[in-house]
1. Collect the residues in segment 74-102 that are open to solvent by less than 70 Å² (accessible area, probe 1.4 Å) and not in a helix (DSSP H, G or I), keeping them in residue-number order.
2. Scanning for something loosely packed, with under 14 Cβ neighbours inside 10 Å and over 27 Å from residue 56 (Cα atoms), does segment 116-134 turn up at least one residue?
3. State whether one or more residues within segment 154-173 are over 27 Å from residue 34 (Cα atoms), within 15 Å of the chain's Cα centre (by Cα) and open to solvent by 70 Å² or more (accessible area, probe 1.4 Å).
4. Name the one entry in 114, 147 that is over 23 Å from residue 80 (Cα atoms) and assigned to a helix (DSSP H, G or I).
5. Mind checking which pairs have a first residue in segment 14-33 that is closer than 20 Å to residue 64 by Cα and a second that is of a type in the set (Ser, Thr, Tyr) and surrounded by fewer than 16 Cβ atoms within 10 Å (Cβ to Cβ), Cβ under 7 Å, 6 or more apart or different chains?
6. Please pick out the residue among 55, 63, 22 that is of a type in the set (Gly, Ala, Ser), surrounded by 20 or more Cβ atoms within 10 Å (Cβ to Cβ) and within 30 Å of residue 128 (Cβ to Cβ).
7. Just one of (1) under 21 Å from residue 31 (Cβ atoms); (2) open to solvent by 20 Å² or more (accessible area, probe 1.4 Å); (3) in a helix (DSSP H, G or I) trips up residue 68, so point out which.
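The values are calculated or read from the model by the stated rules, or taken from the named source; none is laboratory data. In this text, all values refer to a predicted model and were calculated from it rather than measured experimentally. Here the Cβ positions follow ideal geometry from the backbone for every residue, glycine too, while neighbour counts run over all protein chains shown. We work out accessible area using only protein heavy atoms, side chains counted, and drop any ligands, DNA or RNA first. Shrake-Rupley method; radii C 1.70, N 1.55, O 1.52, S 1.80 Å.
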Amino acid sequence: EIDAAIDAYEAALDIDPDYFEAHCNLANRLSDRGRTADAIQHYRTALDLRPGIAAAHNGLGLALEATGERELAIEQYRLGIAADPKRSEAHANLAAAYAKSGRTDDAIEEFTRALRLPPEYAEVHRNFAWLLYGIGRYGEAVDQFDAVLRLRPDDAVTRCDRARALARSDPDRDR
């Protein structure tokens, strides 16, 4: 199905090479197939056609990060947020990139922003929990794991992760 979609988007671009949506959708599907360099090319073309589209910046950021270009990805996430500050995915992706770069304070700030915006994603809570765990803020990590379980109560892995954080948290904590 993905390969058929790729063929269809390429055919659309043969007819209209300036079709913004076809470039974005093709880039998404190419990313799904691991064709990251091609995806980057189509995201960039899309942004040349329509600068400042948050979804395209976010997609380009993800593709750049997949190639190890984290600083360029951070730049794209920031541009996406500038275009649409209420896009929680961009804040979450920026937070994760900051965390991977060792920019803990920036990551905490962006995770907090992402979690204030709809929709609420369990993975954002999970990533934030592990960041907090990694810096020794175990009680707060427990709270984030609790948020994951509120969204996905049957998540056995999160229950174990929560237990690990709980075991390291303050023994006087009411749990």
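1. First, the residues of segment 74-102 that are open to solvent by less than 70 Å² (accessible area, probe 1.4 Å): 74, 76-77, 80-81, 83-84, 87-99, 101-102.
Correct list: 84, 87, 101, 102.
2. Here is the first cut: in segment 116-134, the residues loosely packed, with under 14 Cβ neighbours inside 10 Å are 116, 118-119, 123, 134.
So of that shortlist, the ones also over 27 Å from residue 56 (Cα atoms) come out as 134.
Looking for residues that are loosely packed, with under 14 Cβ neighbours inside 10 Å and over 27 Å from residue 56 (Cα atoms), one finds at least one in segment 116-134, hence yes.
3. Looking through segment 154-173, none of the residues is over 27 Å from residue 34 (Cα atoms), within 15 Å of the chain's Cα centre (by Cα) and open to solvent by 70 Å² or more (accessible area, probe 1.4 Å).
4. On the way: 114 fails: over 23 Å from residue 80 (Cα atoms).
On inspection, the qualifying residue turns out to be 147.
5. Matching pairs, first to second residue: none at all.
6. Working: 55 fails: surrounded by 20 or more Cβ atoms within 10 Å (Cβ to Cβ); 22 fails: within 30 Å of residue 128 (Cβ to Cβ).
Every option except 63 fails the conditions.
7. Checking residue 68 against (1) under 21 Å from residue 31 (Cβ atoms); (2) open to solvent by 20 Å² or more (accessible area, probe 1.4 Å); (3) in a helix (DSSP H, G or I), the one that fails is (3).
Yes or no, residue by residue, for (1) out of contact with any Ser or Thr (no Cβ under 7 Å at 6 or more places or on another chain); (2) free of Cβ contacts under 8 Å to residues at least 12 places away in the same chain; (3) more than 17 Å from residue 88 (Cβ to Cβ):
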| residue | (1), (2), (3) |
| --- | --- |
| 125 | yes, no, no |
| 141 | yes, no, yes |
| 145 | no, no, yes |
| 149 | no, no, yes |
